[in-house]
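Colleague: Mind looking over this structure? Questions follow.
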Amino acid sequence: MSGSDNLNLVVPPPTTSPGIGVPVGTARALKVLFVLCLAIHAVAVWSDAAQLLLLMGAQDGATIPDVVADAHDRRHALIGIAQAALALPTWILFLVWTYRVNASLRRLGTKDMSFTPGWAVGWHFVPIANLWKPFCVMREIWAASEHTSDDWEDQPVSCVVGLWWAFWLMSFISGRVATKLTLRAEELDEMLNATYLMLCADAMDIPHYLAAFALVSAVTAMQLRRTTRDPLA
């Protein structure tokens, strides 16, 4: 065979495996963290309730032994450390997943997206705007993942997106207020108010993480389905 014949050989087009570009591994790791967060927040709710009962007893005139008060304080501190140790990697991995699913949609050929992968993450760090922009980012990601028509931007999205953001906002606001009240609390009534709010914040985190689990599962699954039928995947 001559050299010119070699140049005329037909090279088969490269193939793309279904799911390429979709952050499946990131989603799996994130869901494991969500489950761990759910567990520690369930424990935190129990601890908050026990603390509340203790303070209510003191308000009614019951004497709280120092050993009991110290045990409650140590338990609360350990649970707080565990919550912080899980919250940071969970939040970072969620931002990584958000970046990747946004970028994946562009590889799938989605047009007219309002948020770049960078700003899909960046809006979380902009004061005031981070109270609603991340919701807009996720709403766009859901709509673009679920719908492939030209009018995907006008299509409705699942209530999961709204629930995820609503529960996060309630938990964030009540948690911030509760932390400030706890640091300033000196009187029994102030401690009770702070504990009430902390109980609400920890309780709101449970449906928040459940919604986040459903959100990550659904968006990742929708993008995987698109890779099996989208010619640009």
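Colleague: Are any residues in region 81-126 under 30 Å from Asp150 (Cα atoms), assigned to a helix (DSSP H, G or I) and free of Cβ contacts under 8 Å to residues at least 24 places away in the same chain, and if so, which ones? First the steps, then the outcome.
Modeller: Taking region 81-126 first, the residues under 30 Å from Asp150 (Cα atoms) are 94-124.
Okay, now just the ones that are also assigned to a helix (DSSP H, G or I), so 94-107, 117-124.
Across region 81-126, the qualifying residues are Tyr99, Arg106, Pro117, Gly118, Trp119, Ala120, Gly122, Trp123.
Colleague: Regarding Asp150, is this residue acidic (Asp, Glu) and either outside any helix (DSSP H, G or I) or under 22 Å from Lys133 (Cβ atoms) (or both)?
Modeller: yes
Colleague: Restricting to region 43-99, give me the number of residues that are charged (D, E, K, R) and surrounded by 12 or more Cβ atoms within 10 Å (Cβ to Cβ).
Modeller: Result for region 43-99: 2.
Colleague: Could you look through region 100-113, keep only residues that are of a type in the set (Gly, Ala, Ser) and surrounded by fewer than 19 Cβ atoms within 10 Å (Cβ to Cβ), and pick out the one that is farthest from Val22 (Cα to Cα)?
Modeller: Residue satisfying both the conditions and the ranking: Gly109.
Colleague: Next up: For region 139-150, state whether one or more residues are within 21 Å of the chain's Cα centre (by Cα), under 20 Å from Val121 (Cα atoms) and among the β-branched types (Val, Ile, Thr).
Modeller: yes
Colleague: Which residue pairs have Cβ atoms under 9 Å apart, sit 6 or more places apart or on different chains, and have a first residue in region 61-77 that is small (Gly, Ala, Ser) and a second that is assigned to a helix (DSSP H, G or I) and modelled with pLDDT of 85 or more?
Modeller: Note: pairs meeting the criteria are Ala62/Leu54; Ala62/Met56; Ala69/Leu54.
Colleague: Also: Which of the residues spanning region 195-233 are of a type in the set (A, V, I, L, M, F, W, C) and either part of a loop (DSSP other than H, G, I, E, B) or more than 21 Å from Phe167 (Cβ to Cβ) (or both)?
Modeller: Answer for region 195-233, where residues must be of a type in the set (A, V, I, L, M, F, W, C) and either part of a loop (DSSP other than H, G, I, E, B) or more than 21 Å from Phe167 (Cβ to Cβ) (or both): Ala221, Met222, Leu224, Leu232, Ala233.
Colleague: Tell me which residues, restricted to region 114-130, are surrounded by 13 or more Cβ atoms within 10 Å (Cβ to Cβ) and hydroxyl-bearing (Ser, Thr, Tyr). Spell out the reasoning first.
Modeller: Within region 114-130, the subset surrounded by 13 or more Cβ atoms within 10 Å (Cβ to Cβ) is 115-117, 119-124, 129-130.
Of everything in region 114-130, just one residue is surrounded by 13 or more Cβ atoms within 10 Å (Cβ to Cβ) and hydroxyl-bearing (Ser, Thr, Tyr), namely Thr116.
Colleague: Right, something else. Within region 156-180, track down each residue that is within 23 Å of Asp48 (Cα to Cα), surrounded by fewer than 18 Cβ atoms within 10 Å (Cβ to Cβ) and of a type in the set (A, V, I, L, M).
Modeller: Ala166, Leu169, Met170, Ile173, Val177
Colleague: Continuing with this model, one more query. Are any of the residues in region 200-211 under 30 Å from Val45 (Cβ atoms), touching a Phe, Trp or Tyr at 6+ places or on another chain (Cβ under 7 Å) and surrounded by fewer than 18 Cβ atoms within 10 Å (Cβ to Cβ)?
Modeller: Scanning region 200-211, I find at least one residue that is under 30 Å from Val45 (Cβ atoms), touching a Phe, Trp or Tyr at 6+ places or on another chain (Cβ under 7 Å) and surrounded by fewer than 18 Cβ atoms within 10 Å (Cβ to Cβ), so the answer is yes.
Colleague: Got a sec? Which of Asp48, Asp73 is within 21 Å of Cys200 (Cα to Cα), within 24 Å of the chain's Cα centre (by Cα) and not polar (S, T, N, Q)?
Modeller: The match here is Asp48.
Colleague: Something else now. Residues to consider are Glu186, Glu140, Glu146, Glu153; find the one that is more than 21 Å from Gln83 (Cβ to Cβ) and exposed (fewer than 14 other Cβ atoms within 10 Å of the Cβ).
Modeller: Being more than 21 Å from Gln83 (Cβ to Cβ) and exposed (fewer than 14 other Cβ atoms within 10 Å of the Cβ) holds for just one of Glu186, Glu140, Glu146, Glu153, which is Glu186.
Colleague: Which numbered condition trips up Glu187, out of (1) modelled with pLDDT of 95 or more; (2) more than 30 Å from Lys111 (Cβ to Cβ); (3) of a type in the set (Asp, Glu)?
Modeller: Single failed check for Glu187: (1).
The values are calculated or read from the model by the stated rules, or taken from the named source; none is laboratory data. Quick caveat, the model's predicted, so the values are computed rather than measured. Please note: Cβ atoms are built from the backbone with ideal geometry, for glycine as well, and neighbour counts cover all protein chains shown.
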